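Participant: I have a structure I would like to understand better, so I am pasting it below and will then ask my questions one at a time.
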Amino acid sequence: MDVNQKIIEEGKKLIELKGFRKFTMDELARKLRISKKTIYIHFSSKDDLISAIINSIIEKDLTEMKRLIDEKDNYVEKMQAVFFLYNIKMLRKQYMNELRQFLPHEWEKFKRFSVNRRDYVRRIYTEGVEKGVFIKKITNIPNSPMKLQEEHTVDLLIFLLSAIIDQAIETDLTDYEFDINTVLIHSYKLIIQMFLVDSQQTVDFPNLLHLLKTD
């Protein structure tokens with residue numbers, strides 16, 4: 001691991017403990033056993049370091065998502081992997097509020113999470129339809145303003161799941177006791193049932209639940 005990456009990884013640990021605002025470069029230097037001047041050779045400011053940390057979180061999240069999609073044979077589990085955020089310790093609601101309030105540019109990166117996932121949803125759904133897992137066309141509701149066509153089915157799923165991710169990230173969840181991933185896994189289970197050929201199929205989450213554990 002090069003010096004840049006060591007600084008980023010140690011910075012993540014401090015953020016997990018104290019949040020984006022409260023950790024200091026002095027603490028980071030002590031943890032790394034290097035001078036603060038050395039850190040500033042690699043990162044021009046604390047904000048610059050936080051930006052690099054956010055980029056690392058998002059990159060690792062997408063890498064983990066892609067790995068799980070490739071490893072899974074079950075299309076429900078493949079789709080589930082798209083709607084899970086893998087850096088749970090970094091997504092504590094008070095930390096997300098700090099980003100929203102004090103580092104809006106970095107906050108915008110998190111808001112693009114759902115956009116980055118849409119192509120994966122479309123591909124997995126199309127393959128799942130071919131395999132007989134997902135329905136080809138959703139049933140129209142009588143007297144609705146317009147009738148949905150076959151190609152609208154996956155668009156509706158993308159809209160619903162993207163809206164849930166966006167809302168889970170946007171809200172500070174202060175009125176609720178659960179965290180972001182708890183919202184996502186339960187919402188996904190409820191919604192995906194509507195798109196299964198076998199609507200009685202049980203949707204479980206045994207392979208991802210361990211990722212929710214925090215220290």
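Participant: Where residues in the stretch 48-65 are of a type outside the set (V, I, T) and under 12 Å from the mean Cα position of the chain (by Cα), which of them is surrounded by the most Cβ atoms within 10 Å (Cβ to Cβ)?
Facilitator: Filtering first and then ranking leaves M65.
Participant: Return the pairs, sorted by first residue and then second, in which the second residue is assigned to a helix (DSSP H, G or I) and polar (S, T, N, Q), the first residue lies in the stretch 1-25 and is within 12 Å of H42 (Cβ to Cβ), the beta carbons are less than 7 Å apart, and the residues are 6+ apart or on different chains.
Facilitator: Sorted first by the residue in the stretch 1-25, then by its partner, the pairs are I8/S56.
Participant: Quick one: would you say S45 is more than 15 Å from the chain's Cα centre (by Cα), among the small types (G, A, S), crowded, with 16+ Cβ neighbours inside 10 Å and closer than 19 Å to E108 by Cβ?
Facilitator: Details: more than 15 Å from the chain's Cα centre (by Cα): yes; among the small types (G, A, S): yes; crowded, with 16+ Cβ neighbours inside 10 Å: no; closer than 19 Å to E108 by Cβ: yes.
Spelling it out, it is not the case that S45 is more than 15 Å from the chain's Cα centre (by Cα), among the small types (G, A, S), crowded, with 16+ Cβ neighbours inside 10 Å and closer than 19 Å to E108 by Cβ.
Participant: Residues that are of a type outside the set (D, E), closer than 30 Å to T24 by Cβ and assigned to a helix (DSSP H, G or I): does the stretch 63-85 have at least one? I'd like the intermediate steps shown before the answer.
Facilitator: Step one: of the stretch 63-85, the residues of a type outside the set (D, E) are 63, 65-69, 72, 74-76, 78-85.
Filter again for closer than 30 Å to T24 by Cβ, leaving 63, 85.
Still in the list and also assigned to a helix (DSSP H, G or I): 63.
Within the stretch 63-85 (the criterion being of a type outside the set (D, E), closer than 30 Å to T24 by Cβ and assigned to a helix (DSSP H, G or I)), the answer is yes, since at least one residue qualifies.
Participant: Looking at Y86, Y95, which is the one that is of a type in the set (F, W, Y), surrounded by 15 or more Cβ atoms within 10 Å (Cβ to Cβ), farther than 21 Å from I192 by Cβ and modelled with pLDDT under 85?
Facilitator: Of the residues listed, the single one that is of a type in the set (F, W, Y), surrounded by 15 or more Cβ atoms within 10 Å (Cβ to Cβ), farther than 21 Å from I192 by Cβ and modelled with pLDDT under 85 is Y95.
Participant: Looking at I169, I124, can you tell me which residue is under 14 Å from V82 (Cα atoms) and part of a helix (DSSP H, G or I)? It would help to see each step written out before you state the result.
Facilitator: Numbers: I169 fails: under 14 Å from V82 (Cα atoms).
Of I169, I124, the one residue that is under 14 Å from V82 (Cα atoms) and part of a helix (DSSP H, G or I) is I124.
Participant: Quick one: count up the residues across the stretch 101-120 that are modelled with pLDDT of 80 or more and part of a helix (DSSP H, G or I). Walk me through it before giving the result.
Facilitator: The initial filter retains those residues of the stretch 101-120 that are modelled with pLDDT of 80 or more, namely 101-109, 117-120.
If we keep only those that are part of a helix (DSSP H, G or I) as well, we get 101-102, 104-109, 117-120.
Number of matching residues: 12.
Participant: Let me ask something additional. Of the residues K147, K131, K111, which single one is in contact (Cβ under 8 Å) with a residue 24 or more places away in the chain, over 23 Å from D70 (Cα atoms) and out of contact with any Ser or Thr (no Cβ under 6 Å at 6 or more places or on another chain)? Before you say what the answer is, go through the steps one by one.
Facilitator: Values: K147 fails: in contact (Cβ under 8 Å) with a residue 24 or more places away in the chain; K131 fails: over 23 Å from D70 (Cα atoms).
It is K111.
The values are calculated or read from the model by the stated rules, or taken from the named source; none is laboratory data. Remember, predicted model here, so these are calculated numbers, not experimental data. Positions of Cβ are generated from backbone atoms using ideal geometry, with glycine treated the same way; all protein chains shown enter the neighbour counts.
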